[in-house]
Amino acid sequence: MTTLQRSLALSLLTLGIATSAQAADSAVTAAATASTQQAAALRQSSNVIVTQDGVQLYYKDWGPKDGPVVAFSHGWPLSSDSWESQMLFLAEHGYRVIAHDRRGHGRSSQPWEGNDMDHYAADLKAVLDTLDVRDAVLVGFSTGGGEVARYLGRYGSERVRKAVLVSAVPPLMLKTAANPGGLPIEVFDGLRKASRENRAQLYLDIASGPFYGYNRPGAKPSPGLIESFRSQGMQAGHKNTYDSIAAFSATDFTEDLKRIDVPVLVIHGDDDQIVPIDASAHAAAKLIKNAKLIVYPGAPHGLPDSHKDRLDRDLLEFAGK
């Protein structure tokens, strides 16, 4: 082989190596890009919001995306599934409905710390901010009513035009010198004791008894609703639901209620054995500047299921005004 031939062969070999390297680099880059796009698509489709302290919040976002927003906060020890009847109804009437699983509940992550109303309100803010919600109607049931009250008291109504408190815990459940109509601490200590001993049985007892009023004469228990309550409770974290007992019972929302500057609809059953109406709805309606109280005669605590048709209509009317 002549010198010219050897040089030509070496040049071709070098060119081949370079071309192969470039092709390999391109393949790696394309694979990385595809992987990033797939990861982004997964994050977008997984309906998860990550809070500043690293908690993953699962959320549902149903209905037309350009519809007026109604955002729901659920009760203890449940999840956003407990709102599915109202969410389906309002979405079918043109509303965009959003509900998240509270930290430690449902499909959200289970942090050891932060199971309190301040964090619950901050998490609600993270949901509304991340989804850039405007002019929303906030609806809170039981513990979720405390979450809504603390959110409005702490962060204001920039993203909110109305609120609804359903069977809600504010202003304060616990009996104190300043709140003589509340429930004694022994009630909540009993919940904590039962939770430690056998929380599956605790949830079953609550659902098959006072929550839906199935302990009243003539009541006809629904095995499906009882099982739904128990299964939602067992999906939540043990530590999270235990800590949450203090959050919903001992948090004083009095000042939060006084700061609310949007119209509020307060809905409560007068046979609520979990959150008695006198120390909750009646007191809350007096503290909120622009509140309307609707009492459901004979309704139990779990009225979103027991009286869902009436609640659906009341929510639709209030949201549309």
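Buried (at least 17 other Cβ atoms within 10 Å of the Cβ), among the charged types (D, E, K, R) and in contact (Cβ under 8 Å) with a residue 60 or more places away in the chain: which single residue out of ASP278, ASP272, ASP261 fits that description?
After applying the criteria, what remains is ASP272.
Quick one: in the range 98-128, which of the residues that are among the hydroxyl-bearing types (Ser, Thr, Tyr) and under 12 Å from GLY54 (Cα atoms) is surrounded by the most Cβ atoms within 10 Å (Cβ to Cβ)?
Only one residue fits best here, namely SER108.
Where residues in the range 289-298 are over 9 Å from ILE267 (Cβ atoms) and out of contact with any Pro (no Cβ under 6 Å at 6 or more places or on another chain), which of them is surrounded by the fewest Cβ atoms within 10 Å (Cβ to Cβ)?
Filtering the range 289-298 for residues that are over 9 Å from ILE267 (Cβ atoms) and out of contact with any Pro (no Cβ under 6 Å at 6 or more places or on another chain), the one surrounded by the fewest Cβ atoms within 10 Å (Cβ to Cβ) comes out as PRO297.
Looking at the range 254-272, which of its residues are assigned to a loop (DSSP other than H, G, I, E, B) and either out of contact with any helix residue (DSSP H, G or I) (no Cβ under 6 Å at 6 or more places or on another chain) or farther than 14 Å from ALA291 by Cβ (or both)?
ASP261, VAL262, PRO263, ASP270, ASP271, ASP272
Checking the structure you have, find out if any residue of the range 155-165 is hydrophobic (A, V, I, L, M, F, W, C), in the same structural domain as ALA284 (by TED's automatic domain parsing) and either assigned to a helix (DSSP H, G or I) or more than 20 Å from ASN290 (Cβ to Cβ) (or both).
Within the range 155-165 (the criterion being hydrophobic (A, V, I, L, M, F, W, C), in the same structural domain as ALA284 (by TED's automatic domain parsing) and either assigned to a helix (DSSP H, G or I) or more than 20 Å from ASN290 (Cβ to Cβ) (or both)), the answer is no, since none of the residues qualifies.
Hey, can you tell me all the residues within the range 73-111 that are touching a Gly at 6+ places or on another chain (Cβ under 7 Å), under 20 Å from LEU152 (Cβ atoms) and among the hydrophobic types (A, V, I, L, M, F, W, C)?
Passing the criteria: only VAL97.
Quick check, is PHE89 within 25 Å of LEU225 (Cα to Cα), aromatic (Phe, Trp, Tyr), touching a residue at least 12 places away in the same chain (Cβ under 8 Å) and surrounded by fewer than 23 Cβ atoms within 10 Å (Cβ to Cβ)?
When the stated conditions are applied, PHE89 passes them.
Which residue pairs have Cβ atoms closer than 8 Å, lie 6 or more positions apart in sequence or on different chains, and pair a first residue in the range 103-115 that is under 19 Å from SER249 (Cα atoms) with a second residue that is basic (Lys, Arg)?
Within 8 Å, the pairs are GLY104/LYS239; GLY114/ARG103; ASN115/ARG103; ASN115/LYS239.
Look through the range 42-100, keep the residues that are assigned to a strand (DSSP E or B) and of a type in the set (Ser, Thr, Tyr), and return whichever of them is nearest to the chain's Cα centre (by Cα). Break it down stepwise before answering.
Going residue by residue through the range 42-100, those that are assigned to a strand (DSSP E or B) are 48-50, 56-62, 69-73, 96-100.
From what is left, the residues that are of a type in the set (Ser, Thr, Tyr) are 58-59, 73.
Details: TYR58: 8, TYR59: 7, SER73: 4 Å.
For the range 42-100, the residue satisfying everything is SER73.
Taking the options GLY144, GLY213, GLY153, GLY190, name whichever one is buried (at least 18 other Cβ atoms within 10 Å of the Cβ) and out of contact with any Phe, Trp or Tyr (no Cβ under 8 Å at 6 or more places or on another chain).
GLY213
The values are calculated or read from the model by the stated rules, or taken from the named source; none is laboratory data. Only a predicted model underlies this, so the values are computations on that prediction, with no experimental measurement involved. As a convention, Cβ positions derive from the backbone with ideal geometry for all residues, glycine included, and neighbour counts pool all protein chains shown.
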